[in-house]
1. Please work out the FRET efficiency for the pair residue 7 and residue 119, using the Cβ-Cβ distance as r and a Förster radius of 30 Å; give the result to the nearest 0.05.
2. Relative to the longest principal axis of the C-alpha atoms of the chain, give the angle of the C-alpha long axis of helix 28-45, reported between 0 and 90° and rounded to the nearest 10°.
3. Hull surface divided by four, with the convex hull built on the Cα atoms of region 2-137: how many nm²?
4. What ranking do 85, 125 get, fewest neighbouring Cβ atoms within 10 angstrom at the top?
5. Compute the long axis of helix 98-108 from its Cα atoms, compare it with the longest principal axis of the Cα atoms of the chain, and write down the angle in degrees, 0 to 90, nearest 10.
């Protein structure tokens, strides 16, 4: 699991969550795969460092952000990040499908994923998903 990979890379995982539960409609196994890909990439980019997973509400969306304190992403790679088989890892170490899968899954959920500026010095990916009707039922 991802927790084992983080431990093997000596990566500290920080979770930042709002006090209230937020709801959105996703296919749980597919969305878990997308989030796992983001966490795995972040951990591999920052061995011995930190990975932060945050989520919060902004207007009518649930925002999730995965960021790391690794070297970040070169400007020359930013345009191809979500293309299948694009990887910055050495040959044999990455399939180049992690971000492409995450992009597809988030799109299936009616959301979007983008590279943003995070509060840690490395890469930061933000997922925006529409909040579901369940949110208003629980208020």
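1. FRET efficiency, residue 7 to residue 119: 0.80.
2. So the inclination is approximately 40 degrees.
3. Its Cα hull, projected and averaged over all orientations, spans 8.5 nm².
4. 85, 125
5. Between helix and principal axis, roughly 20 degrees.
Here, each number is a calculation from the coordinates, and none is a lab measurement. Note that the structure is predicted; figures quoted are calculated from it, not measured. A quick note on method: Cβ atoms are made from the backbone with ideal geometry, for glycine too, and the neighbour counts reach across all protein chains shown.
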